[in-house]
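*Asks:* Would you mind keeping the following structure in view while I ask a few things?
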Amino acid sequence: MHQYYTHIQLAYFGFIPFLLSVAWQLMAGANHSAIQAFLFYSVAVMAFLAGNLWRAGEQSERAARLSVLAVLPVPALVFVAVEWQIAYLAFCYWLVLGIEKTTPAWQNYHPEYKKMRLLLTSVIFVCHLFQIAMVFALKTP
């Protein structure tokens, strides 16, 4: 068992709330509570991922600035429609993965960890697209 095994397991467990939000709406139909729960959890996970990029003293100035791009605008999201909030977060998952791939630490990560990051980013992105569809379903009379 490699040193990344626990982190990979925890990442998959952390994915469960995303799936539960989608499942909730597949079974009960689009609803605001599920969308809000999804949105809050997504912001928390995004903040966690972006925070992991913050390596004071170990990164270039450019990397440090990029690492806060995902979370710095979050307070301003209250001024845009919920579908734009979700879309922004969906974009940020790819942004954070892209930034992470440019770090020297990425080169040392276990191949299974890298595979997990790409897989979860992809599926979480699709979950965000589903949530956007649910927002539009609620807006349609």
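*Asks:* Any residue in segment 55-63 that is under 20 Å from Leu10 (Cβ atoms) and surrounded by 13 or more Cβ atoms within 10 Å (Cβ to Cβ)?
*Replies:* The answer is yes, given that some residue of segment 55-63 is under 20 Å from Leu10 (Cβ atoms) and surrounded by 13 or more Cβ atoms within 10 Å (Cβ to Cβ).
*Asks:* Another question about this same structure. Can you say whether Ala87 is part of a helix (DSSP H, G or I) and either touching a Ser or Thr at 6+ places or on another chain (Cβ under 9 Å) or more than 18 Å from Met134 (Cα to Cα) (or both), as far as the supplied structure shows?
*Replies:* For Ala87, the condition - part of a helix (DSSP H, G or I) and either touching a Ser or Thr at 6+ places or on another chain (Cβ under 9 Å) or more than 18 Å from Met134 (Cα to Cα) (or both) - is not met.
*Asks:* Yes or no: Ser67 assigned to a helix (DSSP H, G or I), of a type in the set (Ser, Thr, Tyr), buried (at least 16 other Cβ atoms within 10 Å of the Cβ) and modelled with pLDDT under 90?
*Replies:* For Ser67, the condition - assigned to a helix (DSSP H, G or I), of a type in the set (Ser, Thr, Tyr), buried (at least 16 other Cβ atoms within 10 Å of the Cβ) and modelled with pLDDT under 90 - is met.
*Asks:* To continue, here is another question. Here are some residues: Tyr12, Tyr4. Which one is farther than 23 Å from Val135 by Cβ, in contact (Cβ under 8 Å) with a residue 12 or more places away in the chain, aromatic (Phe, Trp, Tyr) and touching a helix residue (DSSP H, G or I) at 6+ places or on another chain (Cβ under 6 Å)?
*Replies:* Unique residue meeting the criteria: Tyr4.
*Asks:* OK, next. Any idea which of Leu39, Leu72 is out of contact with any strand residue (DSSP E or B) (no Cβ under 8 Å at 6 or more places or on another chain) and within 23 Å of Ser122 (Cβ to Cβ)?
*Replies:* Leu39
*Asks:* Let me ask something additional. Restricting attention to segment 1-36, and to residues there that are among the aliphatic types (A, V, I, L, M) and closer than 24 Å to Pro141 by Cβ, which single residue is surrounded by the most Cβ atoms within 10 Å (Cβ to Cβ)?
*Replies:* So the residue we want is Ile35.
*Asks:* Report yes if Glu83 is acidic (Asp, Glu) and surrounded by fewer than 11 Cβ atoms within 10 Å (Cβ to Cβ), otherwise no.
*Replies:* no
*Asks:* For the subset of segment 95-141 comprising residues that are of a type in the set (Gly, Ala, Ser) and farther than 19 Å from Ser67 by Cα, which member is nearest to the chain's Cα centre (by Cα)?
*Replies:* Only one residue fits best here, namely Ser122.
*Asks:* Among the residues of segment 28-50, write down those that are of a type in the set (Val, Ile, Thr) and farther than 12 Å from Ile86 by Cβ.
*Replies:* Answer for segment 28-50, where residues must be of a type in the set (Val, Ile, Thr) and farther than 12 Å from Ile86 by Cβ: just Val45.
*Asks:* What residue, among those in segment 110-141 that are of a type in the set (Ser, Thr, Tyr) and in contact with a helix residue (DSSP H, G or I) (Cβ under 8 Å, 6 or more places away or on another chain), is farthest from Val80 (Cα to Cα)?
*Replies:* This residue is Tyr113.
*Asks:* OK, next. Which of the following residues is assigned to a helix (DSSP H, G or I) and either surrounded by 13 or more Cβ atoms within 10 Å (Cβ to Cβ) or touching a Pro at 6+ places or on another chain (Cβ under 8 Å) (or both): Ala50, Ala76, Ala44?
*Replies:* None of the others qualify; the one that does is Ala50.
The values are calculated or read from the model by the stated rules, or taken from the named source; none is laboratory data. Quantities reported herein were computed from a predicted structural model and do not represent experimental measurements. Cβ: placed from backbone, ideal geometry, glycine included. Neighbour counts: every protein chain shown.
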